[in-house]
Amino acid sequence: MKGRSAVNARIEELEKRLTTQHHKDLFLQMKHTLKAVDDLAEQHRVYQAVQALSGTRIVGAEENVYFDTLNQVKEQIVHTLELTIEDLEHKGDKHYKKHFKDGVE
């Protein structure tokens, strides 16, 4: 849970920065994407529960890898938004090296 609160704090900070820059749409896109990943995890949990009830053996190590991977995906989504915000905040700064060469708008 400790890691989750740190991610939530980062997400709150991103929302503030994007709202200030009038890019709340980017924040909402990220929020919806993270929700989609959470929904996928919940669907998997339900499926695995049905499998377990029907007698299929669930391999704990495989489940750990699955959920660790989903958490890494979520982390990457948040990190990508952080890089996008940096590019937005430095728009027009000729000395700034962009993270995304194709732009952010």
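Data overview
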quantity: Spacing of the two label points (7 Å from each Cα toward its C-beta) at Gln21 and Thr69, in nm; calculated: 3.2
quantity: With Cα atoms, 0 to 90° folded angle of helix 60-89 axis to the chain main axis; calculated: 10
quantity: Expected 222 nm ellipticity per residue - DSSP helices of 4 or more, -39500 (n - 2.57), all of the chain, to 500; calculated: -27000 deg cm²/dmol
quantity: Where only alpha carbons of the chain are counted, the Rg and the Dmax (Å); calculated: 18.0, 62
quantity: Per residue accessible area of the chain, 1.4 Å probe, in Å²; calculated: 74
quantity: At R0 = 30 Å, FRET efficiency that the Cβ-Cβ distance of Val104 and Val46 yields, to 0.05; calculated: 0.25
quantity: Loop sites in segment 1-68: trypsin sites (Lys or Arg not before Pro), DSSP, at most 11 other Cβ within 10 Å; calculated: Arg57
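The values are calculated or read from the model by the stated rules, or taken from the named source; none is laboratory data. This one's a predicted model, so the numbers in the text were calculated from it and none came from an experiment. When we count neighbours, we look across all protein chains shown, and the Cβ atoms used for this are built from the backbone with ideal geometry, even at glycine. Accessible surface is based on the protein model in full, side chains and every heavy atom, while ligands, DNA and RNA are left aside. Shrake-Rupley method; radii C 1.70, N 1.55, O 1.52, S 1.80 Å.
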